[in-house]
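Structure first, then comments.
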Amino acid sequence: MEDCLAKKMEITVSEAEKRTGRNAMNMQETYTAYLIETRAVESQSEGQCAPVDSLWRRYSEFELLRNYLSVTYPHIVVPPLPEKRADFVWHKLSADNMDPDFVERRRIGLENFLLRVASHPVLCQDKIFYLFLTQEGGWKEMVNETGFQLKADSRLKALNATFRVKNPDKRFTELKHYSDELQSVISHLLRVRARVADRLYGVYKVHGNYGRVFSEWSAIEKEMGDGLQSAGHHMDVYAASIDDILEEEEHYADQLKEYLFYAEALRAVCRKHELMQYDLEMAAQDLTSKKQQCEELATGTVRTFSLKGMTSKLFGQETPEQREAKIKVLEEQIQEGEEQLKSKNLEGRDFVKSAWADIERFKEQKNHDLKEALISYAVMQISMCKKGIQVWTNAKECFSKM
Amino acid sequence: SGPKSLREMPHPLATSSSEEMGPALTPSPDLLLPRSIADKDLSLPNGTPVDTSSPASSSSLLNRLQLDDDLDGETRDLFVTVDDPKKHVCTMETYITYRVTTKTTRAEFDLPEYSVRRRYQDFDWLRNKLEESQPTHLIPPLPEKFVVKGVVDRFSEEFVETRRKALDKFLKRITDHPVLSFNEHFNVFLTAKDLNAYKRQGMALLSKMGESVKYVTGGYKLRSRPLEFAAIGEYLDTFSLKLGTIDRIAQRIIKEQLEYLVELREYGPVYSTWGGLEVELSEPLEGVSACIGNCCTALEELSEDMTEDFLPVLREYILYSESMKNVLKKRDQVQAEYEAKLEAVALKKEDRPKVPTDVEKCQDRVECFNADLKADMERWQNNKRQDFRQLLMGMADKNIQYYEKCLTAWESIIPLLQDKPETK
């Protein structure tokens, strides 16, 4: 693999801080700023570590960066940002953006995003990205100066293309279908998982009541008292253990969420292809109709019905000079059109090629990452089971001494 | 110290029935326990003969001969089992009968083995008879009589099995009791082919007497309750309160577990759906789906076990506590009656040196009751400790087994998840 930025530079999002400031409308607002620390990875020949550079960015700046990358590299499956608002929460989790747990998970998500971009063979070389990491002041202006917003395709245009394109590359159609399904299934999974977590929390916490009642009961017993009391303690431990277990599981949920959002990035690439293909088809259609017009004018035959043809029939034909002029214009347009079509064709083929290469890279990454996520989930479950066995074995021993 | 002083005291009946007293004090060679004797002079206020244990002194002997733990297999001479539930469909009703098997070497039984069929009604009858005839003893509880039709299926396997276990426990507790196990009604219950005939006979006898048998005279106010019985009463109050709380907690846990199960049942299949979309991840995702399915099964088993094995025993002990408190009340009444009669005599100021017989009988009753109750409480406490030890260890075991099943499931898919397609 090419030398990507991730290999040359250590990147971390190490801190999050609450800030207050004034927004564009000069109203006071509270937001969270994240500290990005970078350090060049140098060979430790003298045992010296390179100094750490740092700057603060807020979520909206990350969003700006990502938009820029999506528009500038439409053939790349651009890594997604962590969610803007807390979604798929279960009752104990806060849906509040200011909640420390949410901020913490977001910090990790943002770091992950930067690492993904930095390890992408194409994206890591982008100058704006580099400046995002290294230059705090004036970065926003620089991004806007690239004029990327102008290159952005309108949503309406994209939607139109999706419906009307005639011959998209089948692979992209399938991929789009896949990304729709993936999004749907991961959403479902995250929703149900949140409910499962909620219920499991309930089961564990109710056991805590045993602790109290065993303690009260042990007060009136002679021989049974000690056993009951100590067993009650284990029930308390059991009830308390669920908090850590579920906190760990949130990381798994975050891993799934990343791919939920990745599905959207996949879809964006497919949409771009459809748009380009539609554009190409329209250009080809336009060229064909112009050629036809030219032919008709030249030979005097009217093959297709046109209002002009009808009116000229009714009101008399134009002069040969007028016709000559028209033909000349059309011929020019046709030549232009042909050149444009050629370049559009080339563009389209290039896009398909490079996009598909990145898609293959993405697929491998996805398979690897999700497998790792499933393994870590299984490991979490195993740990939970072992803890359960431990606690109940301890309780059983206490009961046996009753 | 109670029984001791009684022994020293000249028994009002000692001179008249010394022969009958003899056997009671010397245990027969093959049995550790003395036989109960029907003491004709110990009768109810209304004159009906009562099959009670012999006077307090015998009970005290019992206590000293009684081993701390339950009789081990070698010395036990009576074994009773309840099993084989069967449904009977008649024109009037449908009901379940259980097979009651008895194996014994006791002389009170004509045969060494018996096998009869009994229905719940018969157990209920037995319990009532025991309460009547052994009012100074703690009679074990029966599972609840009435179940709301429509809410609980009286003929479901789970319900019948739960009931069977409770009925088996009931008979075993009686079997283990040194006095109750020799009760005549118990004997008939275990042996009679036609129990209904015996029941009718008993009813006829009663109707002849014109009054149903009630030991409690009622209506007397107790001056002061002996400390130990007051303590027992307080203990039982708190005990049944705590058990009630535990029952509610256990039910809540089961409810939460079932709700968790509902979500899990939706969760697992989503992984499977996802697997259908993927190529390389297909097997791992299917594996996770199957794994969650196994956890669901394990959880279902845990909840069922808790419902069938844990909750009924808790409820049994709550019922036990209730009936014990009633016995305590009866004891209070007997003592109150004695005190009242004693006071009445004291007020008469006659110079009769002898205490009237009926006051003596009251005193006997009090001391008898106290001794029997004390002995039964000790036995009950011991059994309770063992029963709860077993019950709670069982609960822990079930939870351990649940987690072990889940652990196995998750551990077994790790290699599947780590498997690389090239290595296949």
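The values are calculated or read from the model by the stated rules, or taken from the named source; none is laboratory data. In this text the structure is predicted, and so the values were computed from the model without any measurement. Cβ sites come from the backbone with ideal geometry, for glycine too, and all protein chains shown count toward neighbours.
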Within the set of pairs 6 or more residues apart or between chains, which connect a residue that is closer than 12 Å to A:ILE128 by Cα and in contact (Cβ under 8 Å) with a residue 24 or more places away in the chain inside region A:141-158 to a residue that is assigned to a helix (DSSP H, G or I) and of a type in the set (Asp, Glu) with Cβ atoms less than 6 Å apart? none
With the condition kept exactly as written, say whether any residue in region A:170-178 is within 9 Å of chain B (Cβ to nearest Cβ) and either part of a loop (DSSP other than H, G, I, E, B) or within 30 Å of A:GLN277 (Cα to Cα) (or both). yes
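Looking at A:LEU190, A:LEU200, which is the one that is closer than 16 Å to B:TRP274 by Cβ and either surrounded by fewer than 19 Cβ atoms within 10 Å (Cβ to Cβ) or not β-branched (Val, Ile, Thr) (or both)?
So the residue among A:LEU190, A:LEU200 that is closer than 16 Å to B:TRP274 by Cβ and either surrounded by fewer than 19 Cβ atoms within 10 Å (Cβ to Cβ) or not β-branched (Val, Ile, Thr) (or both) is A:LEU190.
Looking at B:GLU234, B:GLU263, B:GLU228, B:GLU259 in this structure, which one is surrounded by 17 or more Cβ atoms within 10 Å (Cβ to Cβ) and among the acidic types (Asp, Glu)? Show your work before the answer.
Values: B:GLU234 fails: surrounded by 17 or more Cβ atoms within 10 Å (Cβ to Cβ); B:GLU228 fails: surrounded by 17 or more Cβ atoms within 10 Å (Cβ to Cβ); B:GLU259 fails: surrounded by 17 or more Cβ atoms within 10 Å (Cβ to Cβ).
Just a single option satisfies the conditions, and that option is B:GLU263.
Of the residues A:LEU374, A:LEU346, only one is within 42 Å of the chain's Cα centre (by Cα) and more than 14 Å from chain B (Cβ to nearest Cβ); which? Steps first, answer last, please.
Details: A:LEU374 fails: more than 14 Å from chain B (Cβ to nearest Cβ).
Step by step, each of A:LEU374, A:LEU346 is checked, and only A:LEU346 is within 42 Å of the chain's Cα centre (by Cα) and more than 14 Å from chain B (Cβ to nearest Cβ).
Of all residues in region A:190-223, count the ones that are of a type in the set (Ser, Thr, Tyr) and within 7 Å of chain B (Cβ to nearest Cβ).
From region A:190-223, those of a type in the set (Ser, Thr, Tyr) are A:201, A:204, A:210, A:215, A:218; that's our starting set.
Still in the running and within 7 Å of chain B (Cβ to nearest Cβ): A:210.
Residues that pass the stated criteria total 1.
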Only one of B:LEU241, B:LEU314, B:LEU319 is within 14 Å of chain A (Cβ to nearest Cβ), under 19 Å from B:MET377 (Cα atoms), in contact (Cβ under 8 Å) with a residue 40 or more places away in the chain and not polar (S, T, N, Q); which? B:LEU314
Considering only residues that are facing chain A (nearest Cβ under 7 Å) and either crowded, with 22+ Cβ neighbours inside 10 Å or closer than 11 Å to B:ALA298 by Cα (or both), which ones fall in region B:401-412? B:TYR403, B:GLU404, B:CYS406, B:LEU407, B:TRP410
Considering (1) modelled with pLDDT of 85 or more; (2) β-branched (Val, Ile, Thr); (3) more than 27 Å from the chain's Cα centre (by Cα), say which one A:THR301 fails and leave the rest. (1)
Do you know which of the residues in region B:102-127 that are within 21 Å of B:GLU157 (Cα to Cα) and touching a strand residue (DSSP E or B) at 6+ places or on another chain (Cβ under 6 Å) is surrounded by the most Cβ atoms within 10 Å (Cβ to Cβ)? B:ARG118
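For region B:272-299, which positions are at the interface with another protein chain (Cβ under 7 Å from one of its Cβ atoms) and of a type in the set (Ser, Thr, Tyr)?
Within region B:272-299, B:THR273 is the sole residue that qualifies.
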Of (1) of a type in the set (Gly, Ala, Ser); (2) more than 8 Å from chain A (Cβ to nearest Cβ); (3) without any contact (Cβ under 8 Å) to a residue 60 or more places away in the chain, B:ALA396 satisfies all except one. Which? (2)
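Counting only residues that are among the β-branched types (Val, Ile, Thr), give me the helices (runs of 4 or more DSSP H) lying completely in region A:76-164 with at least 2 of them.
Ranges flagged: A:100-118, A:127-134.
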Within region B:358-393, take every residue that is touching a Phe, Trp or Tyr at 6+ places or on another chain (Cβ under 8 Å) and among the charged types (D, E, K, R) and give me the one that is farthest from the other protein chains (Cβ to nearest Cβ). B:ARG365
Count - residues of region A:231-260 that are over 30 Å from B:PHE388 (Cβ atoms), away from chain B (no Cβ under 12 Å) and not hydrophobic (A, V, I, L, M, F, W, C): 11
Scan region A:19-36 for residues that are touching a residue at least 24 places away in the same chain (Cβ under 8 Å), more than 22 Å from A:VAL52 (Cα to Cα) and surrounded by 11 or more Cβ atoms within 10 Å (Cβ to Cβ) and jot them down. A:ARG19, A:TYR31
Please state which one of A:ALA240, A:ALA263 is part of a helix (DSSP H, G or I), surrounded by fewer than 15 Cβ atoms within 10 Å (Cβ to Cβ) and at pLDDT 95 or above. A:ALA240
